[in-house]
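Asker: Below are the structure tokens for one structure; questions will follow.
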Amino acid sequence: MTTAILDGVITDELREQYRTEGYMILERVIPEEMLQMLREECSYFLGYYDSIMDAKGVKTEGINHRGKRYFISNMYRLSSRLWQFIYSPLMAEVTQAALGDTVYLFHEQWVVKGAEQGMKFAWHQDSGYVKHGDKNTRHRPYLTCWCTLDDVNEENGTVYLLPHSRGGTSHTIFDHNREEGTNDLVGYSGDDPGIPIIVPAGSIVAFTSYNFHRSGANTTPRMRRVYLIQYSAGRILKRDGSPWGRDEPLLVDGRLAAPPCDSLRRAG
């Protein structure tokens, strides 16, 4: 099954900004009913992950810190509904504008900062995490879609971006070092604060995996929730030939592919 792609969310100006600076901002493009679904699924997976950490008797696991900061990754096949957003015509249009007619789902995760204690996240390139595992990687930039479930601002820990022209990142993946205490990888130590992204809930901030970005702490009494999906223009493989990420087709020859059968079965 293939589905036609929407047309009209991405303007020529946005395409050019993405081409030259590596990012584009799409405000209030996620439909309200889809946004509500994402919030409900986020609540479920927060509880799910807390139960896993409690069973292990830990409060920190990798870059996850219970109640403070979560990166809950690659769970969408445990949901009966998340495929509806990942494989939506909206995401097809965004990815096609950024990556072309062949697109793979690479990674997806919840990125949540707890109320009043949500931790910052250090300057990094998403591709820096791939390079940290394979210093010889030569992959093309993939696409990060940072989808806001809440209004985001500097008080609740929004993301800060460095355009390519300010970060020198259009063709380079920099070496990253692990930060003690947080386990974050850090790839930039300059004094440019970046551009703070202040957008309403239901927005998508789309940027390349080469752009440096960071986020601040959440000092507000409410959680800051984001659903982050990453797509690639081709397969990204490890040194042994196995895929780094999910490696599932989204676009084939410019047409939206069917989601995996197990997701459809759970939905039906």
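The values are calculated or read from the model by the stated rules, or taken from the named source; none is laboratory data. The model shown is predicted, which means the values in this text are computed figures rather than measured ones. Every residue, glycine as well, gets a Cβ built from its backbone with ideal geometry; the counts of neighbours run over all protein chains shown. Protein only, heavy atoms only, side chains kept; ligands, DNA and RNA dropped before computing areas. Shrake-Rupley method; radii C 1.70, N 1.55, O 1.52, S 1.80 Å.
Asker: Here is a list of conditions, (1) open to solvent by less than 50 Å² (accessible area, probe 1.4 Å); (2) of a type in the set (Val, Ile, Thr); (3) over 26 Å from residue 222 (Cβ atoms), and residue 102 meets all of them except one; can you say which number that is?
Answerer: The number of the failed condition is (1).
Asker: Only one of these conditions is not met by residue 45: (1) out of contact with any Phe, Trp or Tyr (no Cβ under 6 Å at 6 or more places or on another chain); (2) open to solvent by less than 20 Å² (accessible area, probe 1.4 Å); (3) closer than 27 Å to residue 217 by Cα. Which number is it?
Answerer: Every listed condition holds for residue 45 apart from (1).
Asker: Given the conditions (1) more than 20 Å from residue 46 (Cα to Cα); (2) under 19 Å from the mean Cα position of the chain (by Cα), which single one is not true for residue 114?
Answerer: Residue 114 satisfies all of (1) more than 20 Å from residue 46 (Cα to Cα); (2) under 19 Å from the mean Cα position of the chain (by Cα) except (1).
Asker: Suppose we keep only residues that are open to solvent by 10 Å² or more (accessible area, probe 1.4 Å) and assigned to a loop (DSSP other than H, G, I, E, B) within the stretch 142-161. Which one would you say is nearest to residue 72 (Cα to Cα)?
Answerer: Here the residue is 150.
Asker: Additional query: Which residues, counting only those in the stretch 166-195, are among the hydroxyl-bearing types (Ser, Thr, Tyr) and in contact with a helix residue (DSSP H, G or I) (Cβ under 6 Å, 6 or more places away or on another chain)?
Answerer: 170, the sole residue that qualifies.
Asker: With the requirement that a residue be in a loop (DSSP other than H, G, I, E, B) and among the hydrophobic types (A, V, I, L, M, F, W, C), what does the stretch 18-47 give you?
Answerer: Residues satisfying the conditions are 29, 30.
Asker: Could I ask something else about it? Out of curiosity, is residue 139 open to solvent by less than 30 Å² (accessible area, probe 1.4 Å), more than 17 Å from the chain's Cα centre (by Cα) and within 16 Å of residue 246 (Cα to Cα)? Walk me through how you get there before you give the answer.
Answerer: Values: open to solvent by less than 30 Å² (accessible area, probe 1.4 Å): yes; more than 17 Å from the chain's Cα centre (by Cα): yes; within 16 Å of residue 246 (Cα to Cα): yes.
Yes, satisfied.
Asker: Taking the stretch 53-74, which residues are touching an Asp or Glu at 6+ places or on another chain (Cβ under 8 Å) and of a type in the set (A, V, I, L, M, F, W, C)?
Answerer: The answer is 53, 63.
Asker: Suppose we keep only residues that are within 15 Å of residue 197 (Cβ to Cβ), part of a strand (DSSP E or B) and not hydroxyl-bearing (Ser, Thr, Tyr) within the stretch 214-240. Which one would you say is most open to solvent (accessible area, probe 1.4 Å)?
Answerer: Top of the filtered list is 214.
Asker: Kindly indicate whether any position in the stretch 189-200 is farther than 27 Å from residue 38 by Cα, open to solvent by 20 Å² or more (accessible area, probe 1.4 Å), more than 13 Å from the chain's Cα centre (by Cα) and hydrophobic (A, V, I, L, M, F, W, C).
Answerer: So far as the stretch 189-200 goes, no, none of its residues is farther than 27 Å from residue 38 by Cα, open to solvent by 20 Å² or more (accessible area, probe 1.4 Å), more than 13 Å from the chain's Cα centre (by Cα) and hydrophobic (A, V, I, L, M, F, W, C).
Asker: Does residue 37 satisfy being modelled with pLDDT of 95 or more and either at positive phi or open to solvent by less than 60 Å² (accessible area, probe 1.4 Å) (or both)?
Answerer: The answer is yes for residue 37.
Asker: Mind checking which residues of the stretch 24-56 are basic (Lys, Arg) and in contact with a Gly (Cβ under 6 Å, 6 or more places away or on another chain)?
Answerer: Start the filter on the stretch 24-56 by keeping residues that are basic (Lys, Arg), which leaves 28, 39, 56.
Passing the criteria: only 28.
Asker: Another question about this same structure. Quick check on the stretch 83-93. Is at least one of its residues at pLDDT 95 or above, small (Gly, Ala, Ser) and in contact with a Lys or Arg (Cβ under 8 Å, 6 or more places away or on another chain)?
Answerer: Checking the stretch 83-93: not a single residue is at pLDDT 95 or above, small (Gly, Ala, Ser) and in contact with a Lys or Arg (Cβ under 8 Å, 6 or more places away or on another chain).
Asker: Related question: Considering 94, 112, which residue is aliphatic (A, V, I, L, M), assigned to a strand (DSSP E or B) and crowded, with 20+ Cβ neighbours inside 10 Å?
Answerer: 112
Asker: Oh, and also: Of all residues being charged (D, E, K, R) and in a helix (DSSP H, G or I) in the stretch 48-85, which is least open to solvent (accessible area, probe 1.4 Å)? Just the residue, please. Quick ask: steps written out before the conclusion?
Answerer: Step one: of the stretch 48-85, the residues charged (D, E, K, R) are 50, 54, 56, 59, 61, 66, 68-69, 77, 81.
Within this subset, residues satisfying the condition of being in a helix (DSSP H, G or I) are 50, 54, 56, 77.
On the way: 50: 32, 54: 87, 56: 120, 77: 72 Å².
Applying the filter and picking the extreme gives 50.
Asker: Look at residue 183 and say whether it is modelled with pLDDT under 95 and more than 22 Å from residue 228 (Cβ to Cβ).
Answerer: no
Asker: Using beta carbons and a limit of 7 Å, which pairs, at least six apart or on different chains, have the first residue in the stretch 249-260 and open to solvent by 40 Å² or more (accessible area, probe 1.4 Å) and the second one not in a loop (DSSP other than H, G, I, E, B)?
Answerer: Going by the 7 Å Cβ cut-off, the qualifying pairs are 249/104.
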